[in-house]
């Protein structure tokens, strides 16, 4: 990737973080941790990898994205808004009566959302169905699905992993937001994954790529290029991320859901604005 594109992706990721905070801040509370940890991956997917058309959201040959960890909806709303699917300000009605931006992603409400998710594990099954369906219909598009490391406690994830490997769905790429924390605490304490989530996907027959810094757009981009080139099996990226990345009140604790004071919101948004300006000035 050339330096200009790399800079654009870093700026995009910083913009996504800022808008994610504004979106959740409009409600005053919400799932900050797992939204902020995904900002860099979303920037790479929607800024450099996926075939999309914001003017034609249901374009049949588009690449699909499924946020299986549906409570991370705010980061998706920020990404889609910044890409022009809708005015970003409309997402500031997050989870309010009559909103098109519910707490969990819903394809019937939000333009650009490919599949409805929320019940953890569900999005993995949906993504696999979409990948198989697209292949049966002879389309060359890909399906990307993001799951959480806590979500990987769900048996549905591993039933899906077995199915996708058996049917050699090489048009399916899973991104694991491995931020080491879930609702009730550290993943290792709540439900350890033993030798690791990557080892499990490998055992099921997937092509597994570990991304040392899952909040680095260049590393994510390189890993996605490897995944897209893999034939004969689905691919899984293990993104080693920081929960709450870029949120001053959430990153230190790795909070899953947050309800900070207005002063804390103001401080976090100001810090995100400063971080965005710093990234813009890097070039």
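Tabulated results
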item: Viscosity 1.567 mPa s, 4 °C: Kirkwood-radius Stokes-Einstein D of the stretch 3-280 over Cα pairs, µm²/s; result: 70
item: Neighbour-count ranking [beta-carbon atoms within 10 angstrom, fewest first] of 135, 10, 58; result: 58, 135, 10
item: Kirkwood Rh and Cα Rg combined as Rg over Rh, evaluated for the stretch 203-283; result: 1.13
item: Rounded tilt (10° steps) of 3-27 against the dominant C-alpha axis of the chain; result: 70
item: Residue 277 paired with residue 100, simple spin-label distance in nm, labels 7 Å along Cα-to-beta-carbon; result: 3.2
item: Angle between the chain longest axis and helix 122-136 axis [Cα atoms, degrees, rounded to 10]; result: 50
item: Percentage, to the nearest whole number, of Cα pairs in the stretch 94-153 over 18 Å apart; result: 45
item: Spin-label pair residue 183/residue 270, simplified geometry with 7 Å Cα→Cβ offset, distance in nm; result: 3.4
item: Bins of 10 Å, starting at 0 and running to the largest distance - Cα pair percent for the stretch 56-123; result: 22, 56, 21, 1
item: With Cα atoms, 0 to 90° folded angle of helix 262-280 axis to the chain main axis; result: 70
item: Cα centroid separation - the stretch 1-55 against the stretch 107-170, whole Å; result: 21
item: Mean Cβ count within 10 Å, highest first, over the residues of peptides 199-210, 21-32; result: 21-32, 199-210
item: Label point at residue 162 placed 7 Å out along Cα→Cβ; residues across the stretch 174-203 whose backbone nitrogen lies under 16 Å; result: 200-203
item: Normalised per residue, the volume of the convex hull around the Cα set of the stretch 43-158 (Å³); result: 100
item: Rounded to 5, percent antiparallel among DSSP beta bridges of the stretch 3-280; result: 10
item: Mean shadow area of the stretch 131-234, taken as a quarter of the surface of its Cα convex hull (nm²); result: 6.7
item: Estimated FRET transfer efficiency (residue 137, residue 226; beta-carbon r; R0 30 Å; 0.05); result: 0.70
item: Which of 157, 220 has the fewest Cβ neighbours within 10 Å, and the rest in rising order; result: 157, 220
item: Contour minus Cα-Cα distance for residue 263 and residue 193 (0.36 nm per residue); result: 21.4 nm
item: For 106, 189, 178, 114, order by how many other beta-carbon atoms lie within 10 Å, fewest first; result: 189, 106, 114, 178
item: Label-point separation, residue 203 to residue 119 (7 Å along Cα→Cβ), nm; result: 2.6
item: 16 Å cut-off, amide nitrogen to a point 7 angstrom out along residue 218 Cα→Cβ, residues in the stretch 260-283; result: 279-280, 282-283
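Read-outs throughout are calculated quantities, based only on the coordinates presented, and are distinct from any laboratory measurement. Model, not experiment: these values are computed from the prediction. FYI the Cβ positions are ideal-geometry reconstructions off the backbone, even for glycines, and counts take in every protein chain you see.
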